[in-house]
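All remarks here apply to the structure that follows.
The values are calculated or read from the model by the stated rules, or taken from the named source; none is laboratory data. Bear in mind that the values here come from a model prediction, so they are computed numbers and not experimental data. Heads up, the Cβs are rebuilt from the backbone with ideal geometry, glycines too, and the neighbour counts pull from every protein chain shown. For the accessible areas, the whole protein counts, side chains as well, though only heavy atoms, and no ligand, DNA or RNA atoms are used. Shrake-Rupley method; radii C 1.70, N 1.55, O 1.52, S 1.80 Å.
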Amino acid sequence: YFVLIKDRYLETVKIFEGSQEFLEKAKERGLKLFLTTSNYREIVKDFLKKHKLESCFSSLFCGDDFNFNKSDPSYYIKIFTLAGVKQDSALIIEDSFRIIEDAQKKSLAAVAFCPEPRSPLPIVPIAQTWQEMTRCLNIL
């Protein structure tokens, strides 16, 4: 069953247009990129390999790695601790508005990635494309 799910995922899920350029530019700038997901590590690694993105990330934090997940309000604080990253030097790019709200309550910097308009929108910067995210990197 897992193999069927993984094969179907790798067959149908595509990367967002412009995301590869964003990741490459962020890496060129010396930013450490960490991927956090509730997906399984094996699927994530195969997906990144398929799209030649595995070298973009310093570490992966996957759903089957820990006994906590993104529904935990302290998720990112725990991830920062594991990654050895100070909270005030991190930026969360997240598509879950609930998780963004949790981050805001803890005074963590967050940007919403929202390719399709939906409501209610969080009170944080919102990017609809990875090209918009890349323009933000050019400003830094």
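For the reader, a short list of remarks on this structure follows.
- Taking the range 95-124 as the range and being assigned to a helix (DSSP H, G or I), open to solvent by 20 Å² or more (accessible area, probe 1.4 Å), in contact (Cβ under 8 Å) with a residue 24 or more places away in the chain and not aromatic (Phe, Trp, Tyr) as the test, the residues that pass are Asp102, Lys105.
- Across the range 56-84, the number of residues qualifying as in contact with a Lys or Arg (Cβ under 7 Å, 6 or more places away or on another chain), touching a residue at least 24 places away in the same chain (Cβ under 8 Å) and more than 21 Å from Trp130 (Cβ to Cβ) comes to 4.
- Looking only at the range 125-135, residues that are within 16 Å of the chain's Cα centre (by Cα) and either surrounded by fewer than 18 Cβ atoms within 10 Å (Cβ to Cβ) or at pLDDT below 85 (or both) come to 6 in all.
- So Asn39, is it at pLDDT 90 or above and under 16 Å from the mean Cα position of the chain (by Cα): yes
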